[in-house]
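What follows is a short report on a single structure.
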Amino acid sequence: MKIAVYPGSFDPVTKGHLNIIKRAAAIFDKVYVCVMVNSTKQPMFSREERVELIKKSCHDMPNVEVDTYGGLLVDYAEKVGACAIVKGLRAVSDFDWEFQMALANKKIKPEIETLFLASSEKHTYLSSTVVKELGKYGADLDDFVPPEIIDDVKKKFESGGV
Ligand code: PNS
């Protein structure tokens, strides 16, 4: 059984993330989408909220499991028996840091590969940061976040969650 981990902050999950999840789920037998800590970011949604938002968005994907972990990505990958870490790449600007992380992870656990999936053209501009910026000003988020979570995300902005 080929297992992959798709890690990220997912603050909140976007249609771009969902595109990567669907494509990873078509390649691997099982995909763990794991909400993790990015020490350079101050999240708007709690880790539990982010897990719930992804679960709602992936309700129709039987081989996708949503989880959270506060430690190292490679330790999580080993724990769930994953042979690969999947990352989405949007632009050259993503590459430098993603490449560093992939090399660091490879150094710690050489048996776990990192695979980069090119983001679909439609989602190249899309990020959780863009969603938060637009949401803060009350913009329509229909094109950016999965329909199942639009109301939850709107509520968060209305409650002044930023
Ligand atoms: O969506 P993001 O913020 O780009 O995801 C980054 C994330 C959370 C995957 C990364 O920060 C991470 O792997 N955090 C867990 C801690 C870890 O393993 N760090 C080592 C990377 S060098």
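Throughout, read-outs are computed from the coordinates displayed, never taken from laboratory work. Please read these numbers as outputs of a predicted model, since none were measured by experiment. Please note: Cβ atoms are built from the backbone with ideal geometry, for glycine as well, and neighbour counts cover all protein chains shown.
For the chain, with only Lys/Arg (+1) and Asp/Glu (-1) charged at the beta-carbon, what is the dipole magnitude about the Cα centre, in debye rounded to 20? Let's see the in-between values first.
On the way: 22 positive and 24 negative charges, 50 e Å.
Its charge dipole is roughly 240 debye.
Taking all Cα-Cα distances within segment 3-158, those exceeding 24 Å account for 29%.
Per-residue 3J(HN,Hα) values for segment 115-122, derived from phi via the Karplus relation 6.51 cos²θ - 1.76 cosθ + 1.60 with θ = phi - 60°, read 10, 9, 9, 5, 5, 5, 3, 4 Hz in sequence order (x marks Gly and Pro).
Taking a ≥ b ≥ c as the square roots of the Cα gyration tensor eigenvalues, segment 1-76 comes out oblate, since a/c reaches at least 1.5 and a/b does not exceed b/c. Distances between placed amide hydrogens fall under 5 Å for Glu65 paired with Val31, Tyr32, Val33, all partners being 5 or more residues away or on another chain. Quick check for you: which residues of segment 70-114 have the amide N under 20 Å from the point 7 Å beyond the Cα of Ala26 toward its beta carbon? Taking a point 7 Å out along Cα→Cβ of Ala26, the residues of segment 70-114 whose backbone N falls under 20 Å are 84-91. Subtracting the Cα-Cα distance of Val92 and Gln42 from 0.36 nm times their residue separation leaves 15.6 nm of extension gain. With the simple spin-label model, which puts each label point 7 Å out from Cα in the Cβ direction, the Leu72 to Glu121 separation comes to 4.1 nm. If R0 is 25 Å, the Cβ-Cβ spacing of Val130 and Asp60 corresponds to a FRET efficiency of close to 0.50.
Under the convention that each Lys and Arg Cβ holds +1 and each Asp and Glu Cβ holds -1, the size of the dipole of segment 106-149 around its Cα centre is about 380 debye.
Put a dot 7 Å past the Cα of Lys109, heading toward its Cβ, do the same for Lys79, and the two dots end up 1.0 nm apart.
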